[in-house]
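Values quoted throughout were computed directly from the atomic coordinates according to the rules given, and no laboratory measurement underlies them. Here the structure is a predicted model, which means the values were calculated and not measured. Cβ coordinates were reconstructed from backbone atoms using ideal geometry, including for glycine residues, and neighbour counts include every protein chain displayed.
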Amino acid sequence: MAEKSSTMARLDEASDFLGLEPWLKRKFHGFKSVWECDIEAPMDDGSLQSFKACRAWHRSPFPGSPYKGGMRYHPDVTVEKMKDHAVEMSLKSWLMGLEFGGAKGGIAIDPSRHSQEELKRVTEALTEEMLERNLIGPRLDVPAPDVGTNPTTMNWFHNKYAQRARTHNYGPFEAVVTGKPTGIGYGGIPGRVEATGWGLVQVFKKFLKLKNLQKKDFKRIGVMGFGNVGYHVARILAEEDFTIVATSDVHGGVYNKSGIPLEKFQGKKDTREIKDCERITNDELLVLPDIDIFIPAALENVITKENAWQIKAKGIIEGANGPTTCEADLILESRGVFVIPDILANAGGVTVSFFEWARNMGKIDHRVPMGELTSDQVLTALSKVMWRETNNVFEAQKKYKVSMRFAAYLLALENVAPLFRTKHTAISV
């Protein structure tokens, strides 16, 4: 029998803590559907290249709403990893009170090795395969940017979907993906690009306030990951007068004991463009002795039982999905290192995606800002949601006397368990 992932192990523990019915626990452990496919697309040299694609849909108690989750382009995309992230997306959406089920998928491809035209053709091939099998749509499944994808990728999805679906009247076409570009005809929402990073910073600041902790004691920051999340986290924290001591990406990291000035990394594509800093490895960044807060904002399972003992930071804020294993959690807790969990800390992205989807669908929701918007207006609306849910997790943590992660899991399950029970009763009658 395969070993449980950290996410599934935590899900089981939270289900048992709440005394959930065996059938409901089994449902949370299962999936609505899992899809795999080989897609082919022409390369610039005229050859056809094949890529492994997949997507997993976890569970949803919301019959009128879609599944939601990122579309990842990365060589390490596998069905098992996407299934795990789909569960995380469910928990994240349920914790934030969003009417989505969790999904995740992608293509095993290295975007850095392909031209924009090749990536466009690959994306169009994926969209056609999914549309042909009725897997995506505004009320079925709504992908979003993830590792290796961006607003341009989402625009390719949107355009190809609209082109193929128009004859079937599968509108509104704009709502088939979120994270689209902004402007007339694109259907995106201002603030979506920086939403995950912005939301993480708001959760961090609210956490300090709720715990009566002083900002001056947590000012030195290390960020692992220089993609969309890590870059914006570093930029926003620097603008908030925190000190970014180190940051890193797949090429390694940069370190400056005095802090990396904001202008050093603004507009940079990767850490190799950041000059006048000491070069370090990702492993070295993780155990730096002079950072107060470590923010993993890259891939999963970077904090393990092997390195958790060596982390010197006072706290960890998870910008990535699933960066900390269960064993590492126990070690960090025993050492007094607090962890703000991924399903809360990085939920800003899916929350603003909900804003975008709701606007595209014409759905009225008091949380969703309407009319002509600026990024500031969207991020202000996001902040209110992040502050409220951070406070809810904080109260649950006090009530149940558990870790912040466990409190977040408990709240997520408590939010949807009654809905699943209602559906189960209707089916059983």
Please arrange TRP309, TRP94, TRP387, TRP156 by counting, for each residue, the other beta carbons lying within 10 Å of its beta carbon, fewest first.
TRP309, TRP387, TRP156, TRP94
Can you list the residues of the range 87-101 with backbone N under 17 Å from a point 7 Å past the Cα of ASN391, pointing along Cα to Cβ?
96-97
May I ask you to list the lysines whose Cα is less than 17 Å away from that of LYS264, ignoring any residue fewer than eight positions away on the same chain?
LYS275
Under a Cβ-only charge scheme (Lys and Arg +1, Asp and Glu -1), can you give me the dipole magnitude of the chain about the Cα centre, in debye to the nearest 20?
1340
Which of LYS264, LYS68, LYS211 ends up with the largest GNM mean-square fluctuation for the chain, with Cα atoms connected below 10 Å?
LYS211
For ARG72, which sequence-distant residues (separation of 5 or more, or a different chain) have an amide H within less than 5 Å of its own amide H, given hydrogens modelled in the peptide plane?
GLY105, GLY106, ILE107
In deg cm²/dmol and to the nearest 500, what is the mean residue ellipticity at 222 nm of the chain if only DSSP H runs of at least 4 residues count, each as -39500 (n - 2.57), divided by the residue total?
-13500 deg cm²/dmol
Rounded to whole Hz, the Karplus (6.51, -1.76, 1.60) HN-Hα couplings of the range 216-227, x for glycine and proline:
4, 8, 9, 8, 8, 10, x, 10, 9, x, 10, x
What are the ³J(HN,Hα) couplings of the range 182-188, residue after residue, when phi is run through the Karplus curve with 6.51, -1.76, 1.60 and θ = phi - 60°? Round to Hz, x for glycine and proline.
9, x, 4, x, 8, x, x
Pick from TYR400, TYR255, TYR409 the residue whose mean-square fluctuation is largest in a GNM of the chain, springs joining Cα atoms under 10 Å.
TYR400
Protection-proxy order for peptides 215-223, 24-32, each taking the mean of Cβ atoms within 10 Å per residue, highest first:
215-223, 24-32
Listed with the fewest Cβ neighbours within 10 Å leading, ARG367, ARG335, ARG72 appear as ARG335, ARG367, ARG72
So what are the ³J(HN,Hα) numbers for the range 123-129, from phi and the Karplus equation (6.51, -1.76, 1.60; θ = phi - 60°), rounded to whole Hz, Gly and Pro as x?
4, 5, 5, 5, 4, 5, 4
For the range 31-176, report the translational diffusion coefficient in µm²/s to the nearest whole number, using Stokes-Einstein at 37 °C, 0.692 mPa s, and a Kirkwood Rh over Cα pairs.
215
Going through the cross-link list LYS32/LYS314; LYS219/LYS398; LYS211/LYS268, which pairs have a Cα-Cα distance over 31 Å in this structure?
LYS32/LYS314; LYS211/LYS268
Selected from THR390, THR152, THR324 as most flexible by GNM, with the chain as the system and alpha-carbon contacts under 10 Å:
THR152
Quick one: work out the % antiparallel among DSSP beta bridges in the range 1-137, nearest 5.
75
Of all DSSP beta bridges having both residues in the chain, the percent classed as antiparallel (nearest 5) is 50
How many angstrom lie between the Cα centre of the range 89-146 and the Cα centre of the range 228-266?
29
